[in-house]
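Notes for the one structure printed next.
The values are calculated or read from the model by the stated rules, or taken from the named source; none is laboratory data. Computed from a predicted structure; not experimentally measured. Ideal geometry is used to build each Cβ from the backbone, glycine not excepted, and the neighbour counts take in all protein chains shown. Ligands, DNA and RNA are stripped out before the accessible areas are found, and what is left, the full protein with its side chains, is counted by its heavy atoms. Shrake-Rupley method; radii C 1.70, N 1.55, O 1.52, S 1.80 Å.
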Amino acid sequence: MNPVEASASSAEKILLAATDLFAANHFNGVSIKEIAKKSGVNSALISYYFGGKKNLYQEVLNEQSNLFLNLIARVSSKDIAPLAKLREYITAISEVQKLHPHRIHLIYRELLTPTFMCDSFIKNRLYKIHKFMSELVTEAIADGSIHNNMQPTHVAFTLESIIVFFFLTHDQIRDLGHFENGTENTYLEEALNTYLSSITN
């Protein structure tokens, strides 16, 4: 293994460990020592690669939000109707979250208990995601797919809320709804389809 590969491996281990820890705890509840222990990497390397815990946390948030921004780019490039794009984007978001259901806590904890990252993160990242959904709704209203009395930003917020609530309360929903393991995802699909069917022509 050459030095470049070794460096990439260590940095990736740190980033993965930090992502899991920050997803389970608030920024202030995670220590450099814990990240080093979970990643199996010397704590000095965290400062070497990322410049400290704050920069590492920023990188974790950026990486997680990039999942959404990459989906936006992929869906935007498709030559399909706006409502079809909206449905595809929602489905893709759900699939990403199913793989890592607790990582959404990373993003939305910034809204509930803001850190030093909140203002810039919301303006530079979350706003882009919300804006994309709002624009798709606007286009779907224009082509007659969605009722013309709907407010695009309200529709976008409602869709986002359905998805976020599901994944923020994923474990509780399974217990409260008496879902068999895996079938709780049917709830999300039905909730989204019910709302979309109520606003579409």
Scan of region 89-106 for residues that are at pLDDT 80 or above and crowded, with 19+ Cβ neighbours inside 10 Å, ordered by number
89, 90, 93, 106
Of 86, 111, 61, the only residue that is assigned to a helix (DSSP H, G or I), open to solvent by less than 10 Å² (accessible area, probe 1.4 Å), out of contact with any Lys or Arg (no Cβ under 7 Å at 6 or more places or on another chain) and within 26 Å of residue 191 (Cβ to Cβ) is 86
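Please go through region 14-33 and pick out each residue that is open to solvent by less than 40 Å² (accessible area, probe 1.4 Å) and within 15 Å of residue 103 (Cβ to Cβ). Outline the logic, then answer.
Kept after step one, since they are open to solvent by less than 40 Å² (accessible area, probe 1.4 Å), are these residues of region 14-33: 14-15, 17-19, 21-23, 27, 30.
Those that are open to solvent by less than 40 Å² (accessible area, probe 1.4 Å) and within 15 Å of residue 103 (Cβ to Cβ): 15, 17, 18, 19, 21, 22, 23, 27, 30.
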I'm told residue 119 meets every condition in (1) in contact (Cβ under 8 Å) with a residue 24 or more places away in the chain; (2) under 20 Å from the mean Cα position of the chain (by Cα) except one. Can you identify the failing condition by its number?
(1)
Is it the case, given these coordinates, that residue 70 is over 20 Å from residue 192 (Cβ atoms) and in a helix (DSSP H, G or I)?
yes
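Residues checked against (1) open to solvent by 30 Å² or more (accessible area, probe 1.4 Å); (2) modelled with pLDDT of 95 or more; (3) part of a helix (DSSP H, G or I):
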residue	(1), (2), (3)
141	yes, yes, yes
159	no, no, yes
163	no, no, yes
171	yes, no, yes
174	yes, no, yes
179	yes, no, no
189	yes, no, yes
Return yes when residue 127 is of a type in the set (Phe, Trp, Tyr), more than 28 Å from residue 9 (Cα to Cα) and open to solvent by less than 70 Å² (accessible area, probe 1.4 Å) and no when it is not.
no
Scope region 56-71; condition among the aliphatic types (A, V, I, L, M) and either modelled with pLDDT of 95 or more or over 12 Å from the mean Cα position of the chain (by Cα) (or both); matching residues
56
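Can you give me the number of residues within region 191-201 that are in contact with a helix residue (DSSP H, G or I) (Cβ under 8 Å, 6 or more places away or on another chain) and outside any helix (DSSP H, G or I)?
1
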